[in-house]
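The values are calculated or read from the model by the stated rules, or taken from the named source; none is laboratory data. Remember, predicted model here, so these are calculated numbers, not experimental data. Because the Cβ atoms are built from the backbone with ideal geometry, glycine has one as well, and the counts that use them run over all protein chains shown. For accessibility, only protein heavy atoms count, side chains too; no ligands or nucleic acids. Shrake-Rupley method; radii C 1.70, N 1.55, O 1.52, S 1.80 Å.
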Amino acid sequence: MTYSSSPAFAAEMDAADALASFRAEFHIPPGPDGQPCAYFCGNSLGLLPKAARAAVEQEFADWERLGVEGHFHGTSPWMHYHETLTGATARLVGAKPIEVVVMNNLTVNLHLLLITFYRPTATRYKILMEGGAFPSDQYALESQARLHGLHPDDAIVELVPRPGEHTLRTEDIEAKIAELGDSLATILLGGVNYYTGQAFDMAAITRAGHAVGALVGFDLAHAAGNLHLELHGWDVDFACWCSYKYLNSGPGGTSGVYIHERFAQRPDLLRLAGWWGHDLSDRFQMKKGFRPMAGAAGWQLSNAQIFPMAIHRVSIAMVDRAGGMTALRRKSEQLTGYLEYLIEQLGLPRTRLEIITPADPAQRGCQLSLLVHERGRELFDFLAARGIIADWREPNVIRLAPVPLYNTFEDVRRAGEALRTFTMSNEQ
Ligand SMILES: *Cc1c(COP(=O)(O)O)cnc(C)c1O
């Protein structure tokens with residue numbers, strides 16, 4: 001692909017974009033000048049699909065009209081509401097329907113999965129994660145270690161980049177797994193690291209983990225709706241993700257869970273149980289003695305959160321309508337490649353600004369993380385004043401995530417131009 005910083009090039013790319021019509025299905029927040037902003041925060045909170053409001057209104061209407069009968073006679077009966085998400089969720093992450101369920105929130109699900117899939121013994125008790133993982137994941141693992149009477153510093157092993165590097169090498173991850181060997185109980189990595197934007201080779205990591213007898217799971221908060229995923233094909237044991245980042249399902253939106261089919265018929269697996277995970281055939285007889293449903297559904301605790309799920313149903317259906325992750329990824333790689341090109345065109349020395357996200361498209365999603373060594377906060381504010389909405393991570397990283405469903409090449413060109421204006425004004 002040959003890029004150009006000209007407005008004509010961006011216009012041409014947008015005109016040729018097969019996914020261009022999806023932008024009109026979102027509310028794009030206005031920038032300071034009242035015009036639509038260039039929104040690059042889909043990695044933090046995706047935008048509102050216009051159809052979400054009617055979907056939520058429908059549930060209000062059913063509740064208003066039917067009260068408790070909405071469970072059975074609603075437009076989409078609440079008792080089975082979560083099941084309407086299963087097909088699209090399975091397609092989204094490359095899983096079988098029995099392997100997925102939508103429930104709760106991300107960190108809650110992380111805990112529920114670790115209860116089952118982190119079962120330390122006297123000799124096999126280590127859990128491997130990325131150094132500098134998202135804090136919630138760090139806290140979840142610390143507390144899981146303590147739950148088993150272990151000290152986090154002993155139980156948790158963190159992967160860190162080589163000196164002078166910002167991201168992890170797959171061969172180093174594999175070597176660490178092999179080194180831990182029989183002591184390694186569980187691996188829990190992000191699919192995409194929230195800070196650097198690095199996408200991990202989940203197939204290779206899963207293989208390496210299984211080779212030493214460890215269980216392998218991924219937090220896909222920054223990967224779901226961003227990367228093409230093949231969780232079943234990669235033989236991943238478990239995973240969870242949130243729906244409010246690349247899946248545009250609203251602040252605090254519901255979460256997805258994947259558990260490999262080999263655990264589907266394992267009622268013996270320890271878990272924290274609730275009535276919604278109980279076998280449907282006699283769930284409502286309200287008897288003693290938990291018997292889980294087959295598959296990921298058997299990890300459910302509570303009856304479905306209809307309102308967040310109503311939004312999620314709209315959002316996840318958009319992924320299918322867009323042609324799935326293969327189609328989204330095609331545009332995503334071009335958009336991010338364009339942003340990378342425009343930043344490289346600035347010709348700044350690495351001592352001033354560097355992209356810490358891997359340059360290889362296979363090792364990243366849509367996000368680029370810029371490590372800004374000088375006047376980073378000022379640059380961030382400069383962008384915001386021009387309606388370029390990025391996000392800021394202490395101490396000096398600006399994350400920009402152009403997403404294929406609603407960002408345009410013109411958005412990216414605007415960002416590139418603002419960056420150029422700032423760096424030139426800095427030189428005087
Ligand atoms: C966004 C994110 C979270 C947030 O967790 P919630 O339970 O949804 O608040 C957790 N972990 C990772 C890796 C994230 O990126």
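Scanning residues 5 or more positions from Val157 or on other chains, those with amide H under 5 Å from its amide H are Ile127, Leu128, Met129, with H placed 1.01 Å from N in the peptide plane. Placing +1 on each Lys and Arg Cβ and -1 on each Asp and Glu Cβ, with no other charges, gives the stretch 202-268 a dipole about its Cα centre of roughly 100 debye.
Could you check how much of the accessible area of the chain is carbon and sulfur, as a whole percent, using a 1.4 Å probe? For the chain, the apolar C and S fraction of the accessible surface comes to 55 percent. The stretch 203-281 and the stretch 321-335 have their alpha-carbon centroids 22 Å apart.
Computing FRET efficiency as 1/(1 + (r/R0)^6) for Val108 and Leu270, where r is the C-beta to C-beta distance and R0 is 22 Å, gives about 0.85. Between Thr123, Thr170, Thr357, which gets the highest mean-square fluctuation from a Gaussian network model of the chain, Cα cutoff 10 Å? With Cα springs under 10 Å in the chain, the top fluctuation among Thr123, Thr170, Thr357 is at Thr123. For the chain, a/c is not less than 1.5, where a ≥ b ≥ c are the root eigenvalues of the C-alpha gyration tensor, and a/b does not top b/c. That puts it in the oblate class.
Ligands, DNA and RNA are left out, and with a 1.4 angstrom probe the accessible area of the chain is 42 Å² per residue. In terms of the mean number of neighbouring beta-carbon atoms within 10 Å, the peptides 282-290, 176-184, 325-333, 96-104 order highest first as 96-104, 325-333, 176-184, 282-290.
Taking the centroid of alpha carbons for each part, the stretch 337-383 and the stretch 40-60 are 29 Å apart. The spacing between the stretch 1-33 and the stretch 117-171, judged by their C-alpha centroids, is 41 Å.
Would you please report the Å³ per residue occupied by the convex hull of the alpha carbon atoms in the stretch 176-312?
Each residue corresponds to 128 Å³ of Cα convex hull volume.
Among the protein heavy atoms, those of Trp392 account for about 30 Å² of accessible surface (1.4 Å probe, every chain in place).
First check a/c for the stretch 49-197, with a ≥ b ≥ c the square roots of the eigenvalues of its C-alpha gyration tensor; if it is under 1.5, answer rounded, and if not, answer prolate when a/b is larger than b/c or oblate otherwise.
Numbers: a/c = 2.82, a/b = 2.14, b/c = 1.32.
It comes out prolate by the Cα gyration axes.
Basic side chains Lys and Arg get +1 at the Cβ, acidic Asp and Glu get -1 at the Cβ, and with that the dipole of the stretch 56-320 about its Cα centre reaches some 580 debye.
Multiplying each eigenvalue of the alpha-carbon gyration tensor of the stretch 218-296 by 5 and taking the square root yields semi-axes of 28, 17, 9 Å, largest first, rounded to whole angstroms. With contacts taken as Cα pairs under 8 Å at a separation of at least 6 residues, the stretch 56-320 carries a relative contact order of 23 percent.
Once the C-beta distance of Arg420 and Glu394 is scaled by a Förster radius of 22 Å, the resulting FRET efficiency is 0.30 to the nearest 0.05.
The listed residues Arg399, Arg393 rank as Arg393, Arg399 when sorted by accessible area, largest first, using a 1.4 Å probe. Where only DSSP H runs of four or more residues are counted, the chain gives -11000 deg cm²/dmol as its mean residue ellipticity at 222 nm, each run worth -39500 (n - 2.57). Taking Asp14, Asp235, Asp153 in turn, the Gaussian network model of the chain (Cα-Cα springs below 10 Å) assigns the largest fluctuation to Asp153.
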